[in-house]
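Reviewing the structure listed below.
The values are calculated or read from the model by the stated rules, or taken from the named source; none is laboratory data. The structure displayed is predicted, hence computed values, not measured ones. Here the Cβ positions follow ideal geometry from the backbone for every residue, glycine too, while neighbour counts run over all protein chains shown.
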There are 2 protein chains.
Amino acid sequence: MRMRIVVLAGGIGGARFLRGLRSAAPEADVTVIGNTGDDIHLFGLKVCPDLDTVMYTLGGGIDEEQGWGRRDESFRVKSELAAYGVGPEWFGLGDRDFATHIVRTQMLGAGYPLSAVTEALCTRWNPGVRLLPMSDDRVETHVAVTLDGERRVIHFQEYWVRLRASVDAEAVVPVGAEEAKPAPGVLQALAEADVILLPPSNPVVSIGTILAVPGIREAVASAAAPVVGLSPIVGGAPVRGMADKVLAAVGVESTAAAVARHYGAGLLDGWLVDTADAASAPEVEEAGIRCLAVPLMMTDTGATAAMARAALALAEEVRA
Amino acid sequence: MRMRIVVLAGGIGGARFLRGLRSAAPEADVTVIGNTGDDIHLFGLKVCPDLDTVMYTLGGGIDEEQGWGRRDESFRVKSELAAYGVGPEWFGLGDRDFATHIVRTQMLGAGYPLSAVTEALCTRWNPGVRLLPMSDDRVETHVAVTLDGERRVIHFQEYWVRLRASVDAEAVVPVGAEEAKPAPGVLQALAEADVILLPPSNPVVSIGTILAVPGIREAVASAAAPVVGLSPIVGGAPVRGMADKVLAAVGVESTAAAVARHYGAGLLDGWLVDTADAASAPEVEEAGIRCLAVPLMMTDTGATAAMARAALALAEEVRA
């Protein structure tokens, strides 16, 4: 039987890791539980950045350089919207990308749940994995910040894309998560998994949001499968993005060991840190999590596949 | 005081006539009551072809050659939608045009009526006229046809654009018109008009649909202002488009005189036919409608302005 691997994934980091995983384990049956907390309604359209990044990356449609959006993209629609005075201008929706959101919004409007819409979109992209949104219910991550001396709660995308996380995140709230239900297939996939992997996605706003949907954290923690994570922090800084900003909001240091302790031994069986952080392995192991140091820079698919192989090997070790 | 002119307009013909009218009477206060019967929902977006054609034409954004859509248009979104298997492919929505429909749909979704949305869109285009949809209520013209031996009722756009009116229209039904109310400002504009003009738009699916909204025909017929129309039929054939097909559906011959009689003396005070149809003027006059023959080919703005001047002169003649 094919090995069943379940991956909880955010956007760019999760998508790139998945590409390495598919290369490392081409025969595996991979289910991706995708973060939808950074979904946003723009121009009346439902935009799911993380689901799309996974879909485009694995389907060969991604802009490789920036890691999100479509390759060979143009911005005619956005420029026209701006001519109408309709924004936001800070969110880079390209023409090809717009088509995805138009199809999604039309199907949602016709009554299909997001999971069915995602499946339909994937019939075009053939990502080679089963991509499930964490929930069909609306969850939107909001961030509390102080701007010009005033406390405001803004959408995560505004914090991340418009402000480039340039101010402190005082709190991160996955609005709607408490009332959300896991999407069809999510709990079953976790229960039947042979291995569960947490790629080096953002521990707060990506994987943390997925785990905030009632039932998912419990399903991961109680799964028969070993759960192995890969540190998104290398040498005390996020490999990519600004994860340190949102880690601070939940009182977690930006170190590989602190993120492992944040997930906790109740969730994680194994943890991979970068060779630069090898010294922190004993601290992770003290917390009851088996820890190994391997190179964790996703410089290309080969390096990323090696990371995936190391994660699968660690899963076998902790299973035994 | 500025002369108040109200024009009932369809798409391409109406828009081009309006450009001539603005050139002929630059000081006039022009209100356009636009046909919305050819509106259609495509890809979950509300598309208003006639309103947009007027707006783009008077605002300088039209594709001059084809008479509809935006100039310098591209079709990236549509091509992506097709890659998702989402159609229809026969309706030519360009990227720039998509932006208009996205803004409109977003505003409608937020609760604004179509008249408010149209006004908002026009703040960008500055068409130099007040553009009112005939109604804020949904009206969609459907056409009964026989295809492969089966009687079907299809959307007017499918008949016009996909089938190119290649089969007979057995009936033309403005679905929803009976329950529709004139948009805010429509009846008042007609009541306060100094002149009411019917440009050479389609008498059935453009002007006929506007007149099918309860209250509008009565307001035109009972207006203090003279009502002057311009024949869309020259020499027994439509100047543009396939008006003969839908005229046949309502039992009207494709002649300048028959269209005048179709509108009737209860509605029309004056009627302009092309010089090629000068011989039919007595027949129109017998029906109680003052009729003059002038060149009616809208070859350029100058020729169209001359038509508008002739219509305004005829209005003054019948007023006196």
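Here are a few things to note about the model shown:
- Residue within region A:38-57 that is surrounded by 17 or more Cβ atoms within 10 Å (Cβ to Cβ), within 28 Å of A:ALA183 (Cα to Cα) and aromatic (Phe, Trp, Tyr) present: yes
- Options A:VAL173, A:VAL204; residue that is part of a loop (DSSP other than H, G, I, E, B) and β-branched (Val, Ile, Thr): A:VAL204
- Single residue of A:ALA265, A:ALA221, A:ALA193 found to be farther than 25 Å from A:TRP68 by Cα and over 19 Å from the mean Cα position of the chain (by Cα): A:ALA265
- Failed criterion for B:VAL228 (all others in (1) in a helix (DSSP H, G or I); (2) touching an Asp or Glu at 6+ places or on another chain (Cβ under 7 Å) hold): (1)
- Taking the criterion of being assigned to a strand (DSSP E or B) and either more than 15 Å from B:PRO49 (Cα to Cα) or at the interface with chain A (Cβ under 9 Å from one of its Cβ atoms) (or both), the only residue of region B:117-140 that qualifies is B:ARG130.
- Consider region B:83-116 and keep the residues that are facing chain A (nearest Cβ under 7 Å), within 18 Å of B:ASP72 (Cβ to Cβ) and of a type in the set (A, V, I, L, M, F, W, C). The one that is surrounded by the most Cβ atoms within 10 Å (Cβ to Cβ) is B:PHE98.
- Residue among B:VAL195, B:VAL175 that is buried (at least 23 other Cβ atoms within 10 Å of the Cβ) and at pLDDT 95 or above: B:VAL195
- Checked against the criterion of being within 25 Å of A:THR105 (Cβ to Cβ), assigned to a helix (DSSP H, G or I), of a type in the set (Phe, Trp, Tyr) and at pLDDT 95 or above, region B:52-75 contains one or more residues that satisfy it.
- Within the option set A:ASP97, A:ASP148, being of a type in the set (Asp, Glu) and modelled with pLDDT under 95 holds for one residue only, A:ASP148.
- Residues within region B:130-153 that are of a type outside the set (Gly, Ala, Ser) and under 20 Å from the mean Cα position of the chain (by Cα), tallied: 13
- Test: residue in region B:252-263 that is part of a loop (DSSP other than H, G, I, E, B), among the polar types (S, T, N, Q) and touching a residue at least 24 places away in the same chain (Cβ under 8 Å): yes
- Condition check for A:ARG71: touching a strand residue (DSSP E or B) at 6+ places or on another chain (Cβ under 8 Å), within 14 Å of another protein chain (Cβ to nearest Cβ) and over 30 Å from A:ARG217 (Cα atoms): yes
- Residue within region B:120-139 that is touching a strand residue (DSSP E or B) at 6+ places or on another chain (Cβ under 8 Å), crowded, with 23+ Cβ neighbours inside 10 Å and farther than 29 Å from A:GLU80 by Cβ present: no
- Scanning region B:268-295 for residues that are buried (at least 20 other Cβ atoms within 10 Å of the Cβ), assigned to a loop (DSSP other than H, G, I, E, B) and either on the phi > 0 side of the Ramachandran plot or of a type in the set (A, V, I, L, M, F, W, C) (or both) gives B:LEU268, B:ILE289.
- Any chance B:ALA28 is surrounded by fewer than 22 Cβ atoms within 10 Å (Cβ to Cβ), within 14 Å of chain A (Cβ to nearest Cβ), modelled with pLDDT of 95 or more and out of contact with any helix residue (DSSP H, G or I) (no Cβ under 7 Å at 6 or more places or on another chain): no
- Filtering region A:61-77 to residues that are free of Cβ contacts under 8 Å to residues at least 24 places away in the same chain and either surrounded by fewer than 22 Cβ atoms within 10 Å (Cβ to Cβ) or out of contact with any Asp or Glu (no Cβ under 7 Å at 6 or more places or on another chain) (or both) leaves A:ASP63, A:GLU64, A:GLU65, A:GLN66, A:ARG71, A:SER74, A:PHE75.
- Condition check for A:ARG152: over 23 Å from A:LEU93 (Cα atoms), surrounded by fewer than 16 Cβ atoms within 10 Å (Cβ to Cβ), among the basic types (Lys, Arg) and not assigned by TED's automatic domain parsing to the domain that holds A:PRO26: yes
- The residue of region A:307-320 that is farthest from A:GLY241 (Cα to Cα), among those that are surrounded by fewer than 17 Cβ atoms within 10 Å (Cβ to Cβ) and out of contact with any Lys or Arg (no Cβ under 8 Å at 6 or more places or on another chain), is A:ALA320.
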